[in-house]
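First up is the structure itself, then whatever we jot down about it.
The values are calculated or read from the model by the stated rules, or taken from the named source; none is laboratory data. Not measured: the values here are computed from a predicted model. Don't worry about glycine lacking a Cβ; one is built from the backbone with ideal geometry, like all the others, and counts go over all protein chains shown.
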Amino acid sequence: MLKIIFISLISLVAINSSIAAGTGSDLSTTISAVKAAGIAKNLANPIANMIAVPIQYNYNRGIGLNSMGKAQSATLQPVMPFNLGGGDNFLVRPIVPVEWQNNVNGFSGSGIGNVQIETFYTPKPTSSLLWGVGPYLITPSGSSGQFGSKQMGGGLSAVGLTQDGPWTLGLLLTQSWAISGNKDAGSVNNFYYQPFLSYRTKDNWTFGFQTQSTFNFDARRTSNQLSAPIQKLVVVGDQPISFAVGPAYNISPAPGGPQGWGAMGAVTFIFTK
């Protein structure tokens, strides 16, 4: 797994170098250096007023009652801001995961996991604290049961963060309660919290650290995953694209959940206004 991450990091550097060499110019000749730095800063802000389309890859192992299973997933989670006027915005972020499982309790196959919709009302900033809050929805897919809960749930999503120079510090929260459906494949009575920290360099590398934790009120258990993504903003033609890769580690997993080391990667397409 560490070898995969190392190769991915080398590839990320090579992609950046080849783009620069191929165009004969650096980032500042494609879009201004100030604008590029602004995009890199906004990428660290989950409620930035910017259209972004991330596709995130995750690899986990030690899954299932015998801890022999492995899983890979590709998650589409576009961010769509809507201008409410006066500096206020309303952001919508659907989260659609596609998962491939190998030998998870004897099952191997692919399917779509629970679809989530996070929304955030974000007022015009009046201080260094940026925040957003809105309704949250989680719904089963046609593959649910093997790839997620059969329940539909609703609740709240919220985020707060501050950005000081190259640093970003924040916390993302969601709370969901079951509305309908059978919980024999797990419930959606969950409290999710994700503290995140990142540092951005002058040439738009971003080094991050975050934890993703879910407490299930029915199982009375918390699953925790630590990850440390490394991200680089590049431009292909006039299209800003962010590449990220990093290790992940699962601690105190829920029964049957992933254990030990994993990995993550992401490609994000940014559309400036």
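Output the residues belonging to segment 126-146 that are modelled with pLDDT of 90 or more and not in a strand (DSSP E or B). Can you show your working first?
First, the residues of segment 126-146 that are modelled with pLDDT of 90 or more: 126-140.
Selection gives Thr126, Ser127, Ser128, Pro140.
Please find, among Lys202, Lys150, Lys183, the residue that is surrounded by 16 or more Cβ atoms within 10 Å (Cβ to Cβ) and among the basic types (Lys, Arg).
Lys150
May I ask you to list the residues in segment 227-273 that are part of a loop (DSSP other than H, G, I, E, B) and within 18 Å of the chain's Cα centre (by Cα)?
Initial filter on segment 227-273 (part of a loop (DSSP other than H, G, I, E, B)): 228-229, 237-238, 252-259, 272-273.
Correct list: Ala228, Pro229, Pro258.
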If we scan segment 163-184, do we find a residue that is of a type outside the set (Phe, Trp, Tyr), touching a Pro at 6+ places or on another chain (Cβ under 7 Å), modelled with pLDDT of 95 or more and part of a strand (DSSP E or B)? yes
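Would you mind finding the one in Gly86, Gly64, Gly111 that is in contact (Cβ under 8 Å) with a residue 40 or more places away in the chain and either surrounded by fewer than 15 Cβ atoms within 10 Å (Cβ to Cβ) or over 21 Å from Tyr192 (Cβ atoms) (or both)?
Numbers: Gly86 fails: in contact (Cβ under 8 Å) with a residue 40 or more places away in the chain; Gly111 fails: in contact (Cβ under 8 Å) with a residue 40 or more places away in the chain.
So the residue among Gly86, Gly64, Gly111 that is in contact (Cβ under 8 Å) with a residue 40 or more places away in the chain and either surrounded by fewer than 15 Cβ atoms within 10 Å (Cβ to Cβ) or over 21 Å from Tyr192 (Cβ atoms) (or both) is Gly64.
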Gly111 versus (1) farther than 30 Å from Ala185 by Cβ; (2) modelled with pLDDT under 95; (3) assigned to a strand (DSSP E or B): which is the lone unmet condition? (1)
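Tell me, which residue of segment 31-44 that is more than 14 Å from Ser242 (Cα to Cα) and at pLDDT 50 or above is surrounded by the fewest Cβ atoms within 10 Å (Cβ to Cβ)? Step through it out loud before you land on a result.
Initially, segment 31-44 is screened for residues more than 14 Å from Ser242 (Cα to Cα), giving 31-35.
Cutting the leftovers down to at pLDDT 50 or above gives us 32-35.
On the way: Ser32: 11, Ala33: 14, Val34: 8, Lys35: 14.
Here the answer is Val34.
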Gln212 is checked against (1) surrounded by 15 or more Cβ atoms within 10 Å (Cβ to Cβ); (2) under 30 Å from Asn103 (Cα atoms); (3) modelled with pLDDT under 95 and fails just one. What number does that condition carry? (3)
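Could you say which residue among Ser8, Ser28, Ser73, Ser17 is small (Gly, Ala, Ser), modelled with pLDDT of 90 or more and either assigned to a helix (DSSP H, G or I) or crowded, with 18+ Cβ neighbours inside 10 Å (or both)?
Values: Ser8 fails: modelled with pLDDT of 90 or more; Ser28 fails: modelled with pLDDT of 90 or more; Ser17 fails: modelled with pLDDT of 90 or more.
That would be Ser73, the only listed residue that is small (Gly, Ala, Ser), modelled with pLDDT of 90 or more and either assigned to a helix (DSSP H, G or I) or crowded, with 18+ Cβ neighbours inside 10 Å (or both).
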Out of Pro81, Pro97, sole residue that is part of a strand (DSSP E or B), touching a Gly at 6+ places or on another chain (Cβ under 7 Å) and not acidic (Asp, Glu): Pro97
Within segment 120-147, residues within 28 Å of Ile39 (Cα to Cα), of a type in the set (Val, Ile, Thr), surrounded by 15 or more Cβ atoms within 10 Å (Cβ to Cβ) and without any contact (Cβ under 8 Å) to a residue 40 or more places away in the chain come out as Val133
